[in-house]
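Asks: I have a structure here, written as structure tokens, and I will follow up with some questions on it.
Each value in this text was obtained by applying a stated rule to the coordinates, not by laboratory testing. Note that the structure is predicted; figures quoted are calculated from it, not measured. Neighbour counts run over all protein chains shown; Cβ positions are idealised from the backbone, glycine included.
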Amino acid sequence: MTLRNGWRVTWGRFLGVVTALIVLAGCGGGGSPSSSTSQTTANNTLAVEVNLGPANNYVNGIFATVTVCVPGTSTCQSIPNILVDTGSYGLRLLSSQVSVSLPQTTQSGNSSNVLQECVTYADGSYTWGQVVTADIEMAGEKASAVPVQLISAPNTGLAVPSACTSGGGPNDGTVDMLDAYGILGVGGYPYDCGDGCTSASSAVSPYPYYICSTSTGLCGVTSVPLANQVQNPVWLFPQDNNGVVLVLPSVPAGGQATASGSLIFGVATQSDNALGEAQIYATDSYGNFTTTYNGVAYSQSFIDSGSNAIDFLDSATLGNIDCSDNPGWYCPASTLNFTVSNTGYNGVGQGSVEFSIANADTLFKTGFAAFNNLGGDSGSSIATDYFDFGLPFFFGRSMFVGIAGTTVPNGVSAPYGYWAY
Amino acid sequence: MKTTLTVGMALVLGAVPAWAVLGQYESSVSLDQQALRGELRQEARQGYKFHQITSPNGTVVREYVSPAGLVFGIAWQGPFMPNLQQLLGSYFTELQTARSGVRRRGGPLVVQTDKLVLVSGGHMRSYHGHAYVPSLLPSNVSAEVVR
């Protein structure tokens, strides 16, 4: 292993120690891969299935099997039930489901100082655990030495920092809570934080990365060089590395027990991932675009296979359609149909989409997993900021995700990445 | 700098004093500013006062103060979730009421009780939301301003 990447560690300040430049040892992620020029054609199609997940309660959960290996070895493990998530970036695995020994990222010269991460999600739930590295194999593709989050089970390992729990939600470190064995973040960014986490001055709580002493148990926030941040493994493939296509079949209005589809790696790199008729919608620097409904522009909209509903507006605005027993879900007396307009960053991409919202209580009673018409609120009775086009929006579509900074097919401008459908 | 050190220590050790901002007097805004180590901008608006704190970590927190001097609303936007426990103070416990029934996955958190209205949403690298206390809204000020 070689020494790489200076690390300015801010916890030194908390402990009254002069902040020092510390060098990180470990198998960090590689540099920026070049665009696809490989002569060989890899099998780029990974099977995915919409089902209820390993805890049997994930409505509209979409899962795949991912193989992780100790870097540079043939010591590998295939892990099923990994949630396919276009709303996050990087692979996160429940430590309880990982049997191979993946090396943890530590500081060089002081292996008792380890890199940990806390991700707090918008609903306040969180995952906390070590940053490790793994070779990742999916279909015929392989990414080497990828930083990955190994999610700790509750009450194991280093104590969860208080800022990590400050969203007020549950610890998703168990199969019962996560209802998955891990999360595969294949959204439109290479890194889970990016440039926002590389400067020491930015490391102010709440912050995702921590340096922790395994001898004292103390943790403090720290900046992390890009190469050591948890990152989207697709971006580290030698080819087919500019994005993904998530393909799901149509399902009936009453739902379907399960649904099988494909996660295809690369956009316009092989015959099976050509854009075809799909239109590109550029995203802004936050990964968002604008959805217009009833003359109101919702400027922070996004597409997220990890959201299990189309989340938009609020019950009062839509005529008090809240479910009485399932807060946040929509339960209209009869199915509602919507037509909204989406506009990409700088006007790159413009078009209307239609979707329906049916009664969630009725759908839940089927015991099925796959629904194209589940809805929920994203706001209160005052104006909200966004539509979240969750998994219902993916059925019957090929949804292209273009990673920020990659060459965009068709030559349109999408510097911060794009969706295409 | 000494104050910052103390605040940092408290955060690390979890020995956080009463942070309390929402529903508290305006002076608690400076506590937030210290915790976020941010730059503070203030302005008077029609019927209320407005503070905006920009943290070096990229998170922007806006706080809305009534003529009575109470913080009646907060809003945030940034690459990470803010410390809601700190920003909501005693209203933090209201979050638990929203967590029942079939779990919403990977989506927003919306809380609407008599005491608190809160909306938290977004995705990794882009989080935003707002919260307000309906009973503390100044007369002639719409909840729409808290955003």
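Asks: Rounded, prolate or oblate for the protein assembly as shown? Axes are the square roots of the Cα gyration tensor eigenvalues, ordered a ≥ b ≥ c, and the cut-off for rounded is a/c under 1.5.
Replies: Details: a/c = 1.59, a/b = 1.05, b/c = 1.51.
Taking the square roots of the gyration eigenvalues as a ≥ b ≥ c, the protein assembly as shown is oblate.
Asks: Let me ask another. With all pairs of different alpha carbon atoms counted, what Kirkwood hydrodynamic radius in Å does the stretch B:96-147 show? Mind showing how you got there, number by number?
Replies: Working: mean 1/r = 0.0798 Å⁻¹.
After inverting the mean inverse Cα-Cα distance, the result is 12.5 Å.
Asks: Additional query: For a footprinting-style exposure proxy, rank B:HIS123, B:HIS128, B:HIS51 by other Cβ within 10 Å, fewest first.
Replies: Values: B:HIS123 28, B:HIS128 25, B:HIS51 20.
With the fewest neighbours first, B:HIS123, B:HIS128, B:HIS51 line up as B:HIS51, B:HIS128, B:HIS123.
Asks: Test of understanding: ordering B:THR54, A:THR362 by Cβ neighbours within 10 Å, fewest first, what list do you get?
Replies: Numbers: B:THR54 17, A:THR362 14.
Arranged by neighbour count, lowest to highest, B:THR54, A:THR362 become A:THR362, B:THR54.
Asks: Separate question: Roughly how crowded by other chains is peptide A:324-330, in terms of the mean Cβ count from those chains within 10 Å of each of its Cβ atoms?
Replies: Details: counts 1, 3, 5, 10, 13, 4, 0.
If you average over the peptide's residues, the count of other-chain Cβ atoms is 5.
Asks: Check the straight Cα-Cα distances from B:LYS49 and name the aspartates and glutamates below 15 Å, setting aside those fewer than 8 residues away within the same chain.
Replies: Partners within reach: B:GLU26, B:GLU63, B:GLU144.
Asks: Among the aspartates and glutamates, select those whose C-alpha is under 17 Å from the C-alpha of A:LYS142, and discard any that sit fewer than 8 residues away in the same chain.
Replies: Result set, ordered by chain and number: A:ASP240.
Asks: Below 16 Å, Cα to Cα, which aspartates and glutamates can B:LYS115 reach? Residues fewer than 8 away in the same chain don't count.
Replies: Cross-link targets: B:GLU94.
Asks: I would also like to ask the following. Give the calculated FRET efficiency between B:ALA44 and A:ASN294 to the nearest 0.05, with a Förster radius of 30 Å applied to their Cβ-Cβ distance.
Replies: Working: r = 33 Å, r/R0 = 1.10.
Once rounded, the FRET efficiency stands at 0.35.
Asks: How much of the DSSP beta bridge set in the stretch A:276-401 is antiparallel, as a percent to the nearest 5? Before the final figure, lay out each step's value.
Replies: Values: 19 of 23 bridges.
Once the DSSP bridges in the stretch A:276-401 are tallied, antiparallel ones form about 85 percent.
Asks: Please compute, for peptide A:374-381, the average count of beta-carbon atoms on other protein chains lying within 10 Å of each residue's beta-carbon. Working shown, then result.
Replies: Working: counts 2, 0, 5, 7, 8, 9, 11, 4.
If you average over the peptide's residues, the count of other-chain Cβ atoms is 6.
Asks: Taking each residue of A:305-316 in turn, how many C-beta atoms of other protein chains fall within 10 Å of its C-beta, and what is the average? Could the numbers behind the result be given before it?
Replies: On the way: counts 1, 5, 7, 6, 6, 1, 6, 1, 0, 3, 2, 1.
The shielding value for this peptide is 3.
Asks: OK, next. For chain A, give me the percentage of DSSP beta bridges that are antiparallel, rounded to the nearest 5 percent. Could you put the intermediate results ahead of the total?
Replies: Working: 92 of 105 bridges.
Bridges in chain A that DSSP calls antiparallel: roughly 90 percent.
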